[in-house]
Every structure is written in C-alpha cells, then in structure tokens.
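Following: one structure in structure tokens, then a few remarks.
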Amino acid sequence: MPASQQEKIARRGENVSDQEVCELALYAGHILLESGAELFRVEDTIRRIHAAYGMESDNAFILSNGIFLTAGSTREGLFARVEHIPISSSHLDRVAAVNQLSREISEGKHTVAEARTLLDQIQHSPEKKNLFRILASGIGSGAFCILFGGTIPDALAALIVGALLYVIILYPLRRPMSKIVLNLLCGGFTAGCAVLLVSLGLGENLDAVIGGSIVPLVPGLAFTTGIRDIGNQDYISGSVRMLDALLVIFSVALGVGVTISIIHQLSGGLRG
Amino acid sequence: MAEILDLVWECAMALVGTIAFALLFSVPRQYYLWCGLIGGAGWAAYRLLSPFWGRTAAIFCAAALVIFLSRLRAVRERCPVTIFMVAGLFPLVPGAGIYWTVYELVMDNPAAASQRGTEALTDAIAIVLGIIIVFELPQKWFRVLARIGHRSGGSP
C-alpha cells in the first residue's frame, strides 16, 4: 500500500530519505543476526521496518553471516547494500529487545531517528557481569552433574570445574583464536581438573563430573537455531550453524578424550 | 517413595541448571523462572516416560513438550521462542554421550565407540524431530491456547 507523502513524514520524521530507512532496517538485522536469532526473524524484521516507513519494493537475501539488501520506493531510486556479519556470541536479550522494537515500529510509535537511538542502546546494552557468568557456569555444571547420575560430592567437583572453566574462558583465553584450538584447550582443561579433583578425593564418578562440567561448552544456541533454519528451508545458514555446533562439540570431546587417555597412560590406571 | 523423591530432586536440579544456562545465554531476567520450569518439565517427562517407551522415544516426547511449552510461553509474553527453548533443551542434549564416543575412539575401543556414538546420534535425531514437528503446529492454536489459559486465571 503506497503511503502518501504526509503519512510518510508523520511516521518517519522530517527529511528522512529512503536510504536512512534501509540503513535502519539493516542495523536491526545486523544486531539480530549477531545475537543468534533465526533467519526468518531477521527477514521478518527487515520487512516490517520497510513496510512501516513506506518502502514499496524490497528484497533481502540473508545468510548466517551476511545481509544483501535492495529496496526502493516510487519517490527515490533503488538502494542496495551488502553487509558482512561475523558469527558472534549469544545475546538473547538483544534478540528480544529488537523484536519488541520492531513491533512498536509497525504500530507507528517511533520515527526513524528515535528507532536508531533505541537500536544503539540495544547494541551497547551491558553484558552480564563476569562474576555472575562464572557462578552460573559452576552452578549449571553442578546441577547437570546430578542429572548424569552424579552424587552430591560429584556435583561439588563439577561446580568447581565448571566455574574454573569459565574463569579461563573469560580471562586467559579471551583473544581471537581458532575455535577448534580454543575448544580443544577447554576440553583438555576440564578433563584435567576433573581427574585432579577426583584423585584428591572429591567426587567418585569421573564420568558424571566431566559430563556435568563440559555442559557450559555445549553450543546449544547454534544447534537449535541451525535446526530451525533447516526446518524453514534456510539450508545454507542452517548447515553453517550446524557445522559450527558440531565442530565445537567434537573439539571439546577430542580435548577431553585425549587428555584422559594421556593421564591414563602416565598413571597406568584411573579410578572411577 | 524414595523414587519419587529422587525424581523431584532431579527435576529441581534440572530447573536450577536450566536457569544457570539461561543466564549464560543472556536471557532477560524476567524469564528466568519460566526457562527453569520448562527445563524441569522436560526432564520430568523424560524420566517418567523412559521406563515404558525406551530412552529415544522419551527424549523425543520430552523435547516436544519443551518446544510446546516454549511456544505457548512465547505467544503469551510476545517474545522470541528461542529464549525459552534453548535453555530448556539443555538437560536433554547428549553432550556427554559425544564426548564418551570420542574418548572410546582415542582409547582404541571401536566397538564401545560405535555403541556410544549410535546412542548420541539417535538422541540428537529425536530432539531434532521433536523441534521440527512441534514447530509445524499452526501459530493460531497457540494464540487460542494462550487466551484460554489467560481467561481461566492461569498463571500471569
């Protein structure tokens, strides 16, 4: 439905060109994709924003790490833009916030400039404190250790290993490095700590302790989002995400397996 | 009796663990409790069904239940469904199974490795099917269900 000139100005604010609308849509898409949203949500958001601000023709081609966008209206010519978006960490709070904002934009509550400021705020929203993340990793590991058949001492051991694991992820290993190497190291570290604690007498079932303490490394978001993308016929990005998840899982498993077998060989036997 | 207590204790741990991982995925704070409840419900379904139907079918049903509850909650809260489902699926994901597979391979036990590997693979396939099938249910049903729950004074 072609919007009249007045209507457009009322919704967008004064002197806003089509190009700025496109940039806004692209910005929203960028945050979503970076934070781990599914592809159809990114597409849907871009379309909603365009429709709300009176863009008539738009086409967005989205991959898991890039957006290709063209759009235009009767008043101005076509606008095209390609943006590369590297796979990054999971920020479901940002996905929720952009989702809410795009609803409000559809209802006509924000001009383009206002929406842009709000997106800026979402993009720079504070991360969870490192202390909380370390505690959460420990508590989660301990709780899952029970589910894998561990006893309470096992859970305590898993709690310590899980917390230590996040300490090394957040501090010494926080620099750009190959994902494979990073996860190999994390898996090896987990297995080493678990064996150490069990041989010191905290915990009995090495199996449950390691099982619990590697859960923080399981790439749950990449896996579930990948499945949903494949379910929606977005095969390219779905398979990229699944590959990412599998790579992480296998590197962790390899790290754990190799470490345990080395210890096994050195000590000539292993309790538990 | 002891079995029931065990089950309750495990579900409580699933709840706590799910909330902890929700925090790691930066889920907004107001949804923590629901993430935990959904994770606990998934684990309860798995534990209750696995003696009768075997583990693979139980994992399928548990994953389906998690997705169903997540969609219901997402419609009610008007927020992305990913928020509830990612953490809720965590207790069911065969992360440990995959690491045992590789461990047995490294230790040169191909028979044990293939057994562990098959288990992990069937678990993963069960979860995938659970996710895809429940996502095929029309969104309308969830809107209606959410409205019914609202009217009969269900939880806010």
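May I ask you to say which residue of B:61, B:79 is at the interface with chain A (Cβ under 9 Å from one of its Cβ atoms) and either touching a residue at least 40 places away in the same chain (Cβ under 8 Å) or aromatic (Phe, Trp, Tyr) (or both)?
Sole residue among the options that is at the interface with chain A (Cβ under 9 Å from one of its Cβ atoms) and either touching a residue at least 40 places away in the same chain (Cβ under 8 Å) or aromatic (Phe, Trp, Tyr) (or both): B:79.
Exactly one condition in (1) farther than 30 Å from residue B:147 by Cβ; (2) at pLDDT 90 or above; (3) among the aliphatic types (A, V, I, L, M); (4) within 12 Å of the chain's Cα centre (by Cα) is false for residue B:65; which is it?
Going through (1) farther than 30 Å from residue B:147 by Cβ; (2) at pLDDT 90 or above; (3) among the aliphatic types (A, V, I, L, M); (4) within 12 Å of the chain's Cα centre (by Cα) one by one, residue B:65 breaks only (1).
Quick check: is even one residue across the stretch A:90-105 within 22 Å of residue B:30 (Cβ to Cβ), of a type outside the set (Val, Ile, Thr) and not in a helix (DSSP H, G or I)?
yes
If you take the residues of the stretch A:37-62 that are among the small types (Gly, Ala, Ser) and in a loop (DSSP other than H, G, I, E, B), which of them is nearest to residue A:107 (Cα to Cα)?
Of the residues in the stretch A:37-62, the ones among the small types (Gly, Ala, Ser) are A:37, A:51-52, A:54, A:57, A:60.
Filter again for in a loop (DSSP other than H, G, I, E, B), leaving A:37, A:54.
On the way: A:37: 22, A:54: 13 Å.
Only one residue fits best here, namely A:54.
Which members of the stretch B:82-111 meet the condition of being under 17 Å from residue B:136 (Cα atoms) and either more than 10 Å from chain A (Cβ to nearest Cβ) or touching a residue at least 60 places away in the same chain (Cβ under 8 Å) (or both)? So that I can check it myself, show each step before the final result.
We begin by selecting, within the stretch B:82-111, every residue under 17 Å from residue B:136 (Cα atoms); these are B:82, B:85.
The answer is none; no residue qualifies.
Looking at B:2, B:45, B:87, can you tell me which residue is at pLDDT below 90, more than 30 Å from residue A:261 (Cα to Cα) and surrounded by fewer than 23 Cβ atoms within 10 Å (Cβ to Cβ)?
Numbers: B:45 fails: at pLDDT below 90; B:87 fails: surrounded by fewer than 23 Cβ atoms within 10 Å (Cβ to Cβ).
On inspection, the qualifying residue turns out to be B:2.
So in the stretch A:12-47, with the set limited to residues that are more than 14 Å from every other protein chain (Cβ to nearest Cβ) and in contact with a Ser or Thr (Cβ under 7 Å, 6 or more places away or on another chain), which one is nearest to residue A:91 (Cα to Cα)?
A:29
Please count how many residues of the stretch A:10-45 are at positive phi and touching a residue at least 12 places away in the same chain (Cβ under 8 Å). Can you show your working first?
Filtering the stretch A:10-45 for residues at positive phi gives A:13, A:15, A:36.
Filter again for touching a residue at least 12 places away in the same chain (Cβ under 8 Å), leaving A:13, A:36.
Looking only at that region, the number is 2.
Looking only at the stretch A:111-134, which residues are away from every other protein chain (no Cβ under 14 Å), closer than 15 Å to residue A:34 by Cα and surrounded by 13 or more Cβ atoms within 10 Å (Cβ to Cβ)?
Result: A:119, single match.
I'd like the full set of residues that are among the basic types (Lys, Arg) and either out of contact with any Leu (no Cβ under 9 Å at 6 or more places or on another chain) or part of a loop (DSSP other than H, G, I, E, B) (or both), limited to the stretch A:163-201.
So in the stretch A:163-201, the residues among the basic types (Lys, Arg) come out as A:174-175, A:179.
Scanning the stretch A:163-201 gives A:174, A:175.
Take the residues in the stretch A:175-219 that are farther than 19 Å from residue A:244 by Cα and free of Cβ contacts under 8 Å to residues at least 12 places away in the same chain; name whichever of them is nearest to the other protein chains (Cβ to nearest Cβ).
First pass over the stretch A:175-219, keeping only residues farther than 19 Å from residue A:244 by Cα: A:188-213.
With free of Cβ contacts under 8 Å to residues at least 12 places away in the same chain added as a condition, the list becomes A:196, A:200-201.
Details: A:196: 17, A:200: 22, A:201: 23 Å.
Filtering the stretch A:175-219 for residues that are farther than 19 Å from residue A:244 by Cα and free of Cβ contacts under 8 Å to residues at least 12 places away in the same chain, the one nearest to the other protein chains (Cβ to nearest Cβ) comes out as A:196.
The values are calculated or read from the model by the stated rules, or taken from the named source; none is laboratory data. The structure displayed is predicted, hence computed values, not measured ones. Using ideal geometry, Cβ is built from the backbone for each residue, glycine included, and neighbour counts are taken over all protein chains shown.
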